[in-house]
Amino acid sequence: MSGAIKIGPVENHRGREEGAIVYPVYSRRSKGLSVGINLFPDRKVCSFDCPYCEVFPFAQDIVFSVEVMERALKAAIANAHAENIPVRDICFSGNGEPTMSPHFATALEAALRIRDEHAPDATLVLITNGTGLLNDRTFDLLRCFAAGPAALAIWLKLDAGTPDWYAAMDRSAVPYDALTARIRQFVTLAPVTIQTMLCAIDGKEAPPEEAAAWEYLVTELAAAGKIRSIQLYGKARPAPEDPLAAALPASYLEHRAASLRTALDEANSNTVPVEVYP
Ligand code: SF4
């Protein structure tokens, strides 16, 4: 891809206001052009502190504004159309947890309007660590957007099946049991895609009891709720805390995926695809 479409990591775009807020990238999971929306152009804001997080420390004197976002989003879609490149999705992601932004609801509504008008075939996506589900208003907002006509695709992080591994992988003050209780509730009401990072922490992969507990939890969610797919992904990019978190061999991810498929099969949930992104 070339010309007016700028494809590259978000770091390349932070110098400009619009580029720091809206950034077209090629997404391996979307298999095409994804227009990212970053609600935190000034600094990272997140309720997790994952050791594998790819956001390097930064501070910019850029203030998020829905007006700038709308302008930049329309321009990115127009550029893609001019190049005959289909926009696969419009994705809330960026430097932190989108639901923590005070602009989140307004920005989501604006993105939906623009998607419907300018790129109706694009999927509206939210990448989230799920902690927003502990807030009733956010829970209801996401349920309405995901289960209603907006068909918001929620890609929900679920890295662990035990509090111990959650503490190592996500290092959050949000209690594991409270978070998973809300996730269990949410998936009965609206569809989600589960995303799990599989990497080594301090040179060690997840212990067998963690792998078993995670598999049990995901299988339970798939049996009880509306799980679209389960994505296992590996550490593919540098992180500021390297080498605390390290990539595991693709064979490890494939082994975990095969084991999960068997468990889903036994639970009669084998229609849920399990995808691997080493
Ligand atoms: S949830 Fe995402 S943004 Fe937050 S620390 Fe983890 S990887 Fe980074």
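The values are calculated or read from the model by the stated rules, or taken from the named source; none is laboratory data. These numbers come from a predicted model, not from an experiment. Here Cβ is always computed from backbone atoms with ideal geometry, including for glycine, and neighbour counts include all displayed protein chains.
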*asked:* Which residue is surrounded by the fewest Cβ atoms within 10 Å (Cβ to Cβ), if the candidates are limited to the stretch 47-71 and must be within 15 Å of Ser93 (Cβ to Cβ) and away from the ligand (no atom under 11 Å from the Cβ)?
replied: Phe64
*Please go through the stretch 72-88 and pick out each residue that is surrounded by 22 or more Cβ atoms within 10 Å (Cβ to Cβ) and outside any helix (DSSP H, G or I).*
Val87
*Might you let me know whether the stretch 157-166 holds any residue that is closer than 21 Å to Asn38 by Cβ and touching a residue at least 40 places away in the same chain (Cβ under 8 Å)?*
yes
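Quick grid of which residues meet (1) in contact (Cβ under 8 Å) with a residue 40 or more places away in the chain; (2) on the phi > 0 side of the Ramachandran plot:
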{"residue": "Thr128", "(1), (2)": "no, no"}
{"residue": "Ala151", "(1), (2)": "no, yes"}
{"residue": "Pro175", "(1), (2)": "no, no"}
{"residue": "Glu205", "(1), (2)": "yes, no"}
{"residue": "Glu210", "(1), (2)": "yes, no"}
*Could you list all residues from the stretch 233-272 that are at pLDDT 95 or above and either of a type in the set (S, T, N, Q) or at positive phi (or both)?*
Ser251, Ser259, Thr262
*Just name the residue that is nearest to Gly32 (Cα to Cα) out of those in the stretch 110-127 that are crowded, with 23+ Cβ neighbours inside 10 Å and within 16 Å of the ligand (Cβ to nearest atom).*
Val125
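Quick one: how many residues across the stretch 161-214 are assigned to a helix (DSSP H, G or I) and in contact with a Ser or Thr (Cβ under 6 Å, 6 or more places away or on another chain)?
The qualifying residues number 2.
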*asked:* Given the condition assigned to a helix (DSSP H, G or I), out of contact with any Leu (no Cβ under 8 Å at 6 or more places or on another chain), aliphatic (A, V, I, L, M) and buried (at least 17 other Cβ atoms within 10 Å of the Cβ), answer yes or no: does some residue in the stretch 230-244 qualify?
replied: no
*asked:* Pull out all pairs, ordered by first then second residue, where Cβ-Cβ is under 8 Å, the residues are six or more apart or on different chains, the first lies in the stretch 19-46 and is in contact (Cβ under 8 Å) with a residue 60 or more places away in the chain and closer than 15 Å to Ile90 by Cα, and the second is of a type in the set (S, T, N, Q) and part of a loop (DSSP other than H, G, I, E, B).
replied: Leu39/Ser101
_Kindly evaluate Pro24 against the criterion of being surrounded by 19 or more Cβ atoms within 10 Å (Cβ to Cβ) and modelled with pLDDT under 95._
yes
